[in-house]
Amino acid sequence: MIKFDNVTKKYGQSVVLDNISFEIKEGEFAVLIGPSGCGKTTTLRTINRLIEPDGGKVSINGKDITKVNPVELRRTIGYVIQQIGLFPNMTVEQNISIVPKLLKYPKEQCREITRELLNLVNMPYEENAHKYPSELSGGQQQRIGVLRALAASPPIVLMDEPFGALDPITRETLQEEVKRIQKKLKKTIVFVTHDMDEALKMADTIVFMNGGKILQMASPEEMLQNPADPLISGFMGKHGGALNVKLTAGDFMRTRVLKAPRSNQTLQSVELMRNRDVNSLVVVNDDDTYAGTVSLEAIKAYGKAGKEIGEIMTAEAPVVNRNEDAQETFEKLYTSPTGYVIVLNDDQTVAGLITKTSMAKAMGQALWGEMTS
Ligand SMILES: Nc1ncnc2c1ncn2[C@@H]1O[C@H](COP(=O)(O)OP(=O)(O)O)[C@@H](O)[C@H]1O
Ligand SMILES: [Mg+2]
């Protein structure tokens, strides 16, 4: 839908957009993010020709936008900025109807549009249409700014840090409203922010820029999992907790596990445990699938020399799949009679083992980063 081909913009000697190419699909919510001065606003304003590039091509639906009259073009592209820009001497209805009026829509249709849009953000027409901007809260004013951009049903809406000046709670509400409206009206949105939390929450696709270049373009999940550059990880680091990453048993297990076949003799097994300084081992079947566990204690109590451990092993240790939810796993760990939980792969082979120590270590790592031991 929106396509950049090798777009370059310079101011004197300084290259502000450095040969960027990317594509935003129809109905997509794309978020441009990156440090201050990296070229986000410039990229955005290139789309509605408020800025003309020095090189390359921007096209919308396959059509080179330099071939479209800029005024015509801007009628199909809504634009929302941080400094709201509502006209103070016009009512809410008049502000929302500016573009429909320019397009000479009949008065009745303008009213209908206003009514519908106000409904979208739970600001009933009767109560709000005739107010002046000064009678509204900051959040309400910004809502009207968003509605005004939507009034002529443009297929594309550009938003440049639209919620930057709002308090966190109002901001969050507006983020949810805009996301909901975008899905309902199926708009293509290009949204600029420098807040990764906001990007992760809103975006279908995040375009990460630095120094006029694109460092990475990916879905929020992909960018969280595989940030392409340390700068991106840095941005994520501060906000990574924003997205609920599902932790599983596999994230907390110790993978070095002492295993032995059923046929192992008791004496031999005691030796193994002593050498590894552990007091139990995992017994496996011939095909390496999990069979049970046997403790040093049990061998001492029941294991005559020469007996096979397969005969005295037990299945009392709780068993979980490696994809089991972490919280469920913890509950099993805390009620485990053996003090540990066995983690299995899908094919029933042993993936690892969770003890209170391995769990504490993994939690520490998640909270404070890599630990040395
Ligand atoms: N009209 C201009 N003249 C000269 N330099 C500009 C102009 N507009 C923007 N710049 C510079 O271009 C770079 C990118 O600006 P901008 O796109 O506004 O960044 P962002 O929105 O990512 O903060 C900045 O270094 C900025 O100072
Ligand atoms: Mg900017």
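Of all residues in the stretch 113-154 being under 23 Å from VAL190 (Cβ atoms), part of a loop (DSSP other than H, G, I, E, B) and over 27 Å from the mean Cα position of the chain (by Cα), which is modelled with the highest pLDDT? Among those that are under 23 Å from VAL190 (Cβ atoms), part of a loop (DSSP other than H, G, I, E, B) and over 27 Å from the mean Cα position of the chain (by Cα), it is ALA151. Selection over the stretch 29-54 of residues that are open to solvent by 20 Å² or more (accessible area, probe 1.4 Å) and more than 13 Å from ligand 2 (Cβ to nearest atom) gives a count of 4.
Condition (residue is among the small types (Gly, Ala, Ser), modelled with pLDDT of 90 or more and surrounded by 17 or more Cβ atoms within 10 Å (Cβ to Cβ)) applied to the stretch 200-214: is it met by at least one residue? Yes - at least one qualifying residue is present in the stretch 200-214. Any residue in the stretch 114-140 that is closer than 21 Å to ILE169 by Cα sitting within a Cβ distance under 7 Å of a residue that is loosely packed, with under 12 Cβ neighbours inside 10 Å and not polar (S, T, N, Q)? List the pairs, counting only those 6 or more apart or interchain. Correct list of pairs: LEU118/PRO124; PRO133/PRO88; SER134/PRO88. Of the helices (runs of 4 or more DSSP H) that lie entirely inside the stretch 268-373, those containing 2 or more residues that are surrounded by fewer than 19 Cβ atoms within 10 Å (Cβ to Cβ) and aliphatic (A, V, I, L, M) span 296-302, 356-368. Has the stretch 61-78 got at least one residue that is assigned by TED's automatic domain parsing to the domain that holds LYS187 and within 15 Å of ligand 1 (Cβ to nearest atom)? Among the residues of the stretch 61-78, not one is assigned by TED's automatic domain parsing to the domain that holds LYS187 and within 15 Å of ligand 1 (Cβ to nearest atom), which makes the answer no.
Can you tell me which residue in the stretch 155-193 is nearest to ligand 2 (Cβ to nearest atom), limited to those that are on the phi < 0 side of the Ramachandran plot, surrounded by fewer than 16 Cβ atoms within 10 Å (Cβ to Cβ) and assigned to a loop (DSSP other than H, G, I, E, B)? Checked the stretch 155-193; the qualifying residue nearest to ligand 2 (Cβ to nearest atom) is ALA165.
Of the residues making up the stretch 85-101, those that are touching a residue at least 12 places away in the same chain (Cβ under 8 Å) and surrounded by fewer than 17 Cβ atoms within 10 Å (Cβ to Cβ) are GLY85, PHE87, PRO88, ASN89, MET90, ILE98. Residues being in the same structural domain as PRO155 (by TED's automatic domain parsing) and either under 28 Å from the mean Cα position of the chain (by Cα) or within 16 Å of ligand 1 (Cβ to nearest atom) (or both) are represented in the stretch 83-100 by at least one member. Answer yes if at least one residue in the stretch 61-76 is open to solvent by less than 40 Å² (accessible area, probe 1.4 Å) and within 30 Å of the chain's Cα centre (by Cα), and no otherwise. No, the stretch 61-76 contains no residue that is open to solvent by less than 40 Å² (accessible area, probe 1.4 Å) and within 30 Å of the chain's Cα centre (by Cα).
The combined condition, being modelled with pLDDT of 90 or more, assigned by TED's automatic domain parsing to the domain that holds VAL320 and out of contact with any helix residue (DSSP H, G or I) (no Cβ under 9 Å at 6 or more places or on another chain), is fulfilled by VAL284.
In the set (1) touching a helix residue (DSSP H, G or I) at 6+ places or on another chain (Cβ under 8 Å); (2) more than 14 Å from ligand 1 (Cβ to nearest atom), GLU52 fails one condition alone, (2). Quick one: how many residues across the stretch 10-22 are β-branched (Val, Ile, Thr) and either at pLDDT below 95 or near ligand 1 (Cβ under 8 Å from one of its atoms) (or both)? Final tally of qualifying residues: 1.
For beta carbons closer than 8 Å, sequence separation of 6+ or different chains, a first residue in the stretch 23-36 that is within 13 Å of ligand 1 (Cβ to nearest atom) and a second that is of a type in the set (D, E, K, R), the qualifying pairs are VAL31/GLU198; LEU32/LYS40; ILE33/LYS40; ILE33/ASP195; GLY34/LYS40.
The values are calculated or read from the model by the stated rules, or taken from the named source; none is laboratory data. Since the structure is predicted, the reported quantities are computational estimates derived from the model, not experimental observations. No Cβ is skipped: glycine too gets one built from the backbone with ideal geometry, and neighbour counts run over all protein chains shown. These accessible areas exclude ligands, DNA and RNA; they are computed on the full protein's heavy atoms, side chains included. Shrake-Rupley method; radii C 1.70, N 1.55, O 1.52, S 1.80 Å.
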